[in-house]
Amino acid sequence: MKFSTRILEVGPNPRKDPALQEASRLLREGMLVAFPTETVYGLGGDAARSEVIDKIFEAKNRPSDNPLIVHLDRAERVQDYCSQTHPSLEILSKTFWPGPLTIVLPANHAVRQTVCRGLKTVALRVPNHEIARELIRQTDAGLAAPSANISGRPSPTTAQHVFQDMNGRIPLILDGGPCLVGIESTVLDLSEELPVILRPGMITQQDLEEVLGFPVLLAQKNEALRRSPGTRYRHYSPNAPVYLLGPSISDEVFQKLVQFLAVKGEVGYLGDRPPGSCIHIQVELDKLAAQLYSGLRDLDTSQACGIIVDGLKEQDTGISVMDRLKKAASHYFESDHEALQFLSSPTSDQE
Ligand code: TXA
Ligand code: MG
């Protein structure tokens, strides 16, 4: 272990908080610090220094061609990183920043040497979290910050989650309590004429279209793969296979699936049905986004042999939750019929 990792709580007044001042000192010295944002915890380092960026990739075990988002304390800083803006930038940044929207623009030469990993574009965001923005301000640098998990694990939504993954790898975690949004920001590509959503999030296609007054595309798989390297990698899949249920699956079929899995061992369940004998994490489905990653982390450590998760309708924010869940799931049943077909001739969990 390289570091003895400390967790320091930040009090109600971040500006004068000694923990935040310590974090900022470490960042100025070229170290990494994990910090809260409204979406998930980030693993921050000075975006201008390539040796610091190398440390981020090493600590996360991140594939080296996957670019990082630069976090800014205010929208005016965008011009320090891009070579060209976009006619929709102003209205989008005025409406959604600070907030869970990341905007991709053509990158300038300096930033291409650090976070862009061979792309000609840079991803920028102003987080809606006072600790994050104050940390950026006091450090006086844009902070490159991917989610503060080991690559392939769920994004962390508490300081304790960060500690599970980063203990010994970084010197400091700032604790600002649980993240309110719970899933990563919407990534919107403004590097070409038509805006394209590369990663869905809390700010939806409809939210963006309402503000812009014209249609915004949601990248099809191929397009996202081409433009956003992060979509290429295997995402979180727990040790136990995840069975994702569409919103129309009946309680009766749910119970049949539980019985089928219970033959092999304990069954984990994330949702709001009567759970029977399952190891159960009760979530109200309208709050699923905020509890999704912590629920999956908890069920994964519970020795369950299978995890059943109730999904959402794929509209509005349900799209972003289902995007994450489909990546974690080994089976997805949209209808009772599909689930019953599986139960009558189960396919391997390893597919
Ligand atoms: O909510 C969030 O966005 C969190 C918090 C910490 O801000 N950060 C986050 O970072 O989720 P990360 O690195 O886990 O995910 C960033 C995603 C990746 O899929 C990456 O490929 C994509 O954004 N990305 C970064 N730069 C890009 C670029 N120039 N063009 C297209 N996609 C980009
Ligand atoms: Mg991530």
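Restricting attention to the range 310-329, the residues that are assigned to a loop (DSSP other than H, G, I, E, B) and open to solvent by less than 40 Å² (accessible area, probe 1.4 Å) add up to 3. Within the range 295-309, which residues are surrounded by fewer than 18 Cβ atoms within 10 Å (Cβ to Cβ) and in a helix (DSSP H, G or I)? Correct list: Asp298 only.
Looking across the range 120-134, the residues that are open to solvent by less than 10 Å² (accessible area, probe 1.4 Å) and either without any contact (Cβ under 8 Å) to a residue 60 or more places away in the chain or under 15 Å from the mean Cα position of the chain (by Cα) (or both) come down to Val122, Leu124, Arg125, Val126, Pro127. Go through the residues of the range 87-110 one by one and say whether even a single one is over 22 Å from Pro195 (Cβ atoms) and not β-branched (Val, Ile, Thr). Checked against the condition, which is being over 22 Å from Pro195 (Cβ atoms) and not β-branched (Val, Ile, Thr), the range 87-110 yields at least one hit. Listed by position, the helices (runs of 4 or more DSSP H) inside the range 49-117 whose residues that are assigned by TED's automatic domain parsing to the domain that holds Leu26 and aliphatic (A, V, I, L, M) number at least 3 are 50-60, 89-96.
The values are calculated or read from the model by the stated rules, or taken from the named source; none is laboratory data. What you see is a predicted model; the values in this text were computed from it and never measured. Methodologically, a virtual Cβ is constructed for each residue, glycine included, from the backbone with ideal geometry; neighbour enumeration extends over all protein chains shown. Each accessible area value is taken on the protein alone, full model and side chains, heavy atoms only, with ligands, DNA and RNA left out. Shrake-Rupley method; radii C 1.70, N 1.55, O 1.52, S 1.80 Å.
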